[in-house]
Amino acid sequence: MVAHEPSFEQLRARDESAIAALIDQHYAAIYRYLFRLVNDQRVAEDLTQDTFLDVFVSLPQLNNHTRLAAWMYRIATNNAHSYFRRARRFRWLPLDWRSSHSHSHEDRVADSDLVTQAMAALTDEQRSVLLLYAWQGFSCAEIGEMLGKRENAVKMALSRARRRFRDVYAALGGVVDPEVEL
Amino acid sequence: MNCADARQILATAVPSDLSHERRIALNAHLERCDACRRYRATVSGIDALISAWGDGAPVRGQAKARAMLQQKARGPQLRLRLRRFGQTAPFRPVLAVAFMLCMLFVALWLIRPPALSTIVRPLVVRPASITPASNKVIVTGNDRVAVTCTAPAYGSQLRNTVTLNCVVDATLDSADAGMLSLRLVGGQNDAQRFFADPVQVGRGKSTTPIDASLDGERLRATFGPGQVQVEAVLRASDGTLLASVRSPSATFLIP
């Protein structure tokens with residue numbers, strides 16, 4: 001069943017059905033985003049819950065012009081970056097992880113591993129920018145609002161992230177044009 | 001449109017945000033520019049990889065989060081209200097001012113303790129001799145000297161002390177003349193404490209009871225809790241002991 005879009009009035013009143021609809025619509029995407037940022041299921045689950053708790057707390061201040069998804073991603077991104085600051089560590093796979101595994105995985109899984117490793121080479125800000133742009137489809141202006149950066153800075157970070165990703169991905173054996181200047 | 005414009009759009013623009021005219025111009029440029037087509041293929045290839053990678057993560061904890069928030073939506077929200085109180089911008093100055101006032105109060109209290117030293121607590125008295133009606137807790141005497149002391153109902157809490165007020169009655173012969181002294185024996189640390197300097201008594205007052213004629217202030221002694229005795233001594237001018245009396249021990253406690 002497709003959850004209905006909760007109204008701002010319902011959300012501000014913390015209507016139970018509106019809360020349920022909000023989770024049904026956004027939980028999976030927020031979780032995946034956080035999981036791809038921290039690369040740890042348990043941490044991603046905790047951060048997602050924290051994000052929705054923060055959203056719940058702030059719902060009464062929601063105004064009718066708020067872009068709900070962008071607002072939630074901003075909270076999620078802040079939570080993830082707080083986690084990075086607290087943990088001061090990343091649990092990303094090392095770059096040579098692939099060499100210790102057989103090459104018998106299906107191509108898609110192997111490709112996903114390569115992407116994981118290439119993404120591990122990016123800074124957490126570059127990962128956020130690339131995910132929000134390429135996967136979630138936010139504009140650079142929206143991403144800038146989420147991360148507290150100017151639009152041009154986001155465009156710059158996006159270009160650098162793609163370039164870095166392409167270089168590492170190609171070095172790992174991924175199929176990508178290495179000669180195009182990004 | 002040139003290559004720089006086209007690549008700028010391909011790299012950072014959301015296609016749905018492009019105007020119709022720019023989309024047409026971009027497509028026209030791509031049709032005639034092989035390098036920009038390669039650029040587009042590379043950028044969109046990378047973005048497609050990221051997108052597929054993002055979608056590939058399994059989702060966990062959705063039901064748990066749903067139950068948690070629905071319970072919060074139903075249940076009392078005191079903690080959340082408090083949290084929001086601290087987070088909401090208009091309340092931050094209020095909290096800051098309240099915090100500063102608290103700190104100011106603590107600082108003032110530390111610098112100069114208020115009249116807390118006068119805070120009193122009930123005094124438990126186990127006197128050797130007592131007249132409850134008049135609260136006279138130490139009574140002693142012989143045929144010549146009698147001492148009556150009165151303890152207040154309360155002892156000082158902070159200083160942990162008791163103040164005892166005593167009255168001496170002396171019956172002197174006409175030949176008696178000398179010094180009458182009153183002292184406290186015992187108390188905390190078993191200290192001996194004189195109530196006052198010895199008082200000169202002379203012939204002219206020999207038959208007059210020494211009562212309130214002794215300054216009340218000078219007959220006040222403060223001591224710590226414990227057992228005490230009151231002792232009155234009458235000595236002649238040459239130091240000869242004329243009369244002496246000591247009360248039984250009384251116990252003073254501040255609970």
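Please treat every number below as a calculation from the coordinates, not as lab data. This is a predicted model, so every value here is computed, not measured. Here the Cβ positions follow ideal geometry from the backbone for every residue, glycine too, while neighbour counts run over all protein chains shown.
A few points about this structure:
- Peptides A:45-56, A:146-157, ordered by how many other C-beta atoms sit within 10 Å of their residues on average, highest first, read A:45-56, A:146-157.
- Projecting label points 7 angstrom from Cα along Cα→Cβ for A:GLU181 and A:ASN78 puts them 4.0 nm apart.
- For peptide B:11-19, the mean count of partner chain Cβ atoms within 10 Å of a residue's Cβ comes to 4.
- Shielding by other protein chains, A:128-137, mean Cβ within 10 Å: 4
- Burial ordering of A:LEU131, A:LEU158, fewest other beta-carbon atoms within 10 Å first: A:LEU158, A:LEU131
- Semi-axis lengths, Å, the stretch A:1-84, gyration tensor of Cα atoms, sqrt of 5 times eigenvalues: 22, 14, 10
- Full extension of the segment from B:SER249 to B:GLN71, taken as 0.36 nm per residue of separation minus the current Cα-Cα distance, would add 57.2 nm.
- Pairwise FRET efficiency - B:VAL97 versus B:LEU18, Cβ, R0 = 45 Å, nearest 0.05: 0.30
- Taken residue by residue and averaged, Cβ atoms of other chains lying within 10 Å of the Cβ of B:35-47 number 5.
- Efficiency of FRET from Cβ geometry, B:ASP34 and A:ARG86, R₀ 35 Å, rounded to 0.05: 0.10
- For A:MET146, the shell of other residues with beta-carbons less than 13 Å away shows a net charge of 0, using +1 for Lys and Arg and -1 for Asp and Glu.
- Neighbour-count order for A:GLU145, B:GLU21, fewest beta carbons within 10 angstrom listed first: B:GLU21, A:GLU145
- Model label points for B:ALA63 and A:ARG150, set 7 angstrom from Cα along the Cα-to-Cβ axis, are 5.0 nm apart.
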